[in-house]
Amino acid sequence: PIEGTGFLHHKTGNEIPVRIRAVPVHNQHGSIIGAVEMFEELQPAASPNHRDDASRLAGCIDEVTNVTSHALMRSYLRETLATFVELKVPFGVLRLRLEGLSHFRASSGPEAASSLLRVIARSLEGTLWRTDFVGRWSDDQFLIILNGCRQEALPSVLERIRRTLAGDGIEWWGERRSLPFSIGQATAQPDDTVESVLERAQKSLETASACRTHAASASSGSSGS
């Protein structure tokens, strides 16, 4: 028997973390003739994103995605930056934007847009460490705070997020709907402020979005020719 962890694509459209256990099946002679796999959903431990009625009433939880609100994420960022200044604990900030959400909402309806946002939020919660924070930053953006993350560790985190979200989407009126996304990044630097680290992450996001648009246009032109 062997055990491991991974992700499975849920029928609601998001990726969920699971524990996988494979057990060999033997015949009467002791030879392996097959295997049985069992999957157990890994429930996230209690985290700063834990939701209750008091938090919701206080405006700490985003009503659409059920993750941390903009106001509380800004508070977490201030606290994380203060810890960095005092104790030199590194951290990273990611700004993830769903490209074309406004058009998607106009063409598919607000319910479809909200459903897709919830799928993305659940996947982000499932793929991040329990010490990280994820919240709804704006209509089409999520903000992620990666505690203890240095610059050299960011590429692996970004790859894990991209791999997880790549399969996310929703079934809507018999069609599979999804949206591309771009991610901007920044790590805390000496003399940083909340606004300066957010601005660097936003500039990185704009660069990533421009690169994605250019790549998509080049691919479209190539196909057309």
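The values are calculated or read from the model by the stated rules, or taken from the named source; none is laboratory data. Everything numeric in this text was worked out from a predicted model, so none of it was measured. Note: ideal-geometry Cβ built from the backbone for every residue, glycine included; neighbour counts use all protein chains shown. Surface accessibility is based on the protein's heavy atoms, side chains included, excluding ligands, DNA and RNA. Shrake-Rupley method; radii C 1.70, N 1.55, O 1.52, S 1.80 Å.
Quick notes on this one:
- Identity of the residue in the stretch 7-36, surrounded by 12 or more Cβ atoms within 10 Å (Cβ to Cβ) and of a type in the set (Gly, Ala, Ser), that ends up modelled with the highest pLDDT: 22
- Counting the residues of the stretch 149-171 that are of a type in the set (D, E, K, R) and part of a strand (DSSP E or B) gives 1.
- Within the stretch 141-159, not a single residue is at pLDDT below 90 and crowded, with 19+ Cβ neighbours inside 10 Å.
- Residue count for the stretch 68-98 satisfying the condition of being within 18 Å of residue 129 (Cα to Cα) and either within 18 Å of the chain's Cα centre (by Cα) or among the hydrophobic types (A, V, I, L, M, F, W, C) (or both): 11.
- Yes/no for residue 165 being under 10 Å from the mean Cα position of the chain (by Cα), surrounded by 19 or more Cβ atoms within 10 Å (Cβ to Cβ) and on the phi < 0 side of the Ramachandran plot: yes
- Test: residue in the stretch 172-181 that is open to solvent by 20 Å² or more (accessible area, probe 1.4 Å), aliphatic (A, V, I, L, M) and not in a helix (DSSP H, G or I): yes
- Selected residue (only one of 72, 81, 146 is assigned to a strand (DSSP E or B) and closer than 18 Å to residue 198 by Cα): 146
- Within the stretch 126-141, at least one residue is in contact with a strand residue (DSSP E or B) (Cβ under 9 Å, 6 or more places away or on another chain) and part of a helix (DSSP H, G or I).
- Filtering 102, 123 for residues that are closer than 30 Å to residue 89 by Cα and either buried (at least 19 other Cβ atoms within 10 Å of the Cβ) or more than 14 Å from the chain's Cα centre (by Cα) (or both) leaves a single hit, 123.
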